[in-house]
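Colleague: Below is a structure I'd like to ask you about.
All of the numbers you see were taken from the coordinates with simple rules; none came from a lab. These numbers come from a predicted model, not from an experiment. Quick reminder, even Gly has a Cβ in these numbers, built from the backbone with ideal geometry, and neighbours come from all protein chains shown.
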Amino acid sequence: MSNHTDARNWFQMALADVPRVERSFNAGDFADVAYRIQFCSEKIIKGILLMYGVQFKKFHEASTILHDEILSNPAIDTIESQILNEIVNQGISIETLSTSPRYGNVIAGQFTLPEDLFNAENIKEYTIQLIDEIGALITLLDQKSPPELLDIKEAFMNARDSLRSLVD
């Protein structure tokens, strides 16, 4: 399998998370929305890593790998670097969710359930971050996309528009 085929698979998995985000958002299950946003963001970044030829095993905090492995490459031009930095920044912000959407969190010595951590307002912020990450990915695909990923760009454009309808 080529890296572009592997990238396509990760991008398709990320795209499959978007309707899940929408269903959970509309159902008011904001802890699940947070989990799905985090999962989608990670898959997008793993797809980008594969586009650039970076092979990996299972890991989390994909934005750190993108930063360390790709952005440190002097062959990356300025515009491409700016786009990738935007993706890294959105990814890092989303990754701060860590395990809280699944397991809750201890705040001021008190355990808080995932369902009590997330609400319509704070989940909109994470949704906007995912929208921005997808927007940067679309720009990157405009710059660098091989022909076999052009349909993925269009699918992400539709996904971004669909997510926007949740926060407008």
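Colleague: Lysines within cross-link reach of K57: Cα-Cα under 23 Å, excluding same-chain residues under 8 positions apart?
Modeller: Within reach: K43, K46.
Colleague: Can you compute 3J(HN,Hα) from phi for each residue in segment 163-168, using the Karplus curve 6.51 cos²θ - 1.76 cosθ + 1.60 with θ = phi - 60°, rounded to whole Hz and x for Gly and Pro?
Modeller: So the J values, rounded to whole Hz, are 5, 4, 5, 6, 10, 7.
Colleague: What is segment 3-157's relative contact order, in percent, from Cα pairs under 8 angstrom and six or more apart in sequence?
Modeller: Relative contact order, segment 3-157: 27 percent.
Colleague: With a sphere of radius 10 Å drawn around the Cβ of I45, what net charge do the other residues whose Cβ falls strictly inside it have (Lys, Arg +1; Asp, Glu -1)?
Modeller: -2
Colleague: Quick one: 3J(HN,Hα) in Hz for segment 15-22, Karplus 6.51/-1.76/1.60 with θ = phi - 60°, rounded, Gly and Pro as x.
Modeller: Once θ is set to phi - 60°, the couplings for segment 15-22 become 4, 5, 6, 4, x, 5, 4, 5 Hz.
Colleague: Rounded to the nearest 20 debye, what is the charge dipole size of segment 1-69 about its Cα centre when +1 sits on each Lys and Arg Cβ and -1 on each Asp and Glu Cβ? Present the calculation step by step, with values, prior to reporting the outcome.
Modeller: Details: 8 positive and 9 negative charges, 43 e Å.
That gives a dipole near 200 debye.
Colleague: Okay, moving on. Would you mind checking which residues have amide H under 5 Å from T112's amide H? H placed 1.01 Å from N; only 5 or more apart, or other chain.
Modeller: N105, V106, I107
Colleague: Any number yet on Rg/Rh for segment 93-149, C-alpha, Kirkwood?
Modeller: Value, to two decimals: 1.20.
Colleague: In µm²/s, what is D for segment 1-100 at 20 °C and 1.002 mPa s, where D = kT/(6 pi eta Rh) by Stokes-Einstein and Rh is the Kirkwood radius from Cα pairs?
Modeller: It diffuses with D of about 152 µm²/s by this estimate.
Colleague: Given 20 °C and 1.002 mPa s, how large is the Stokes-Einstein diffusion coefficient of the chain in µm²/s, with Rh as the Kirkwood radius over Cα pairs?
Modeller: 132
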